[in-house]
1. Yes or no: residue 118 assigned by TED's automatic domain parsing to the domain that holds residue 138 and either loosely packed, with under 12 Cβ neighbours inside 10 Å or free of Cβ contacts under 8 Å to residues at least 60 places away in the same chain (or both)?
2. Taking into account only those residues within region 79-98 that are in a helix (DSSP H, G or I) and touching a residue at least 12 places away in the same chain (Cβ under 8 Å), which is farthest from residue 48 (Cα to Cα)?
3. State which residue pairs qualify: first residue surrounded by fewer than 18 Cβ atoms within 10 Å (Cβ to Cβ) and inside region 54-70, second residue assigned to a loop (DSSP other than H, G, I, E, B) and at pLDDT 65 or above in any location, beta carbons under 7 Å apart, and separation of 6 or more residues or different chains.
4. May I ask you to say which residue of 76, 118, 106, 101 is assigned to a loop (DSSP other than H, G, I, E, B) and modelled with pLDDT of 90 or more?
5. Do you know which of the residues in region 121-139 that are free of Cβ contacts under 8 Å to residues at least 12 places away in the same chain and not in a strand (DSSP E or B) is surrounded by the most Cβ atoms within 10 Å (Cβ to Cβ)?
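The values are calculated or read from the model by the stated rules, or taken from the named source; none is laboratory data. Just so you know, these numbers come straight off a predicted model, no measurement behind them. Here the Cβ positions follow ideal geometry from the backbone for every residue, glycine too, while neighbour counts run over all protein chains shown.
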């Protein structure tokens, strides 16, 4: 990408990051590190940084607003096949957005003081799953 002028700014939410996200997924810029089997490019961290750098060259705000692959590396490395299919393919298609839920009403973003808990429970049919209980301010 290159720019011959000042960075472009969206005129409305409809022309901003959400629309850019869907266009980015169509060009293959989403999921640079997501395996090809799930719609990603199957590349490494260096390529991901290069894509981020080029997007930031045009407008760093847009790059910050479209960090939709958040968490995808962990899912790719440790997720079940079903989780990979659901979440990684959802991210690369532009239908899902990866996010972090850290900030809580009582403690802000102090990770040591987080009150939200995940409890492992036995689900119907005997499989194990987690129940997450807590309140987040924003994601």
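1. Working: assigned by TED's automatic domain parsing to the domain that holds residue 138: yes; either loosely packed, with under 12 Cβ neighbours inside 10 Å or free of Cβ contacts under 8 Å to residues at least 60 places away in the same chain (or both): yes.
It is true that residue 118 is assigned by TED's automatic domain parsing to the domain that holds residue 138 and either loosely packed, with under 12 Cβ neighbours inside 10 Å or free of Cβ contacts under 8 Å to residues at least 60 places away in the same chain (or both).
2. So the first thing to find is which residues in region 79-98 are in a helix (DSSP H, G or I), and the list is 81-93.
Remaining after also requiring touching a residue at least 12 places away in the same chain (Cβ under 8 Å): 84-85, 87-89, 91-93.
Working: 84: 19, 85: 21, 87: 19, 88: 16, 89: 17, 91: 15, 92: 14, 93: 17 Å.
The residue in question is 85.
3. Every condition considered, the pairs that remain are 70/98; 70/99; 70/100.
4. 106
5. This residue is 123.
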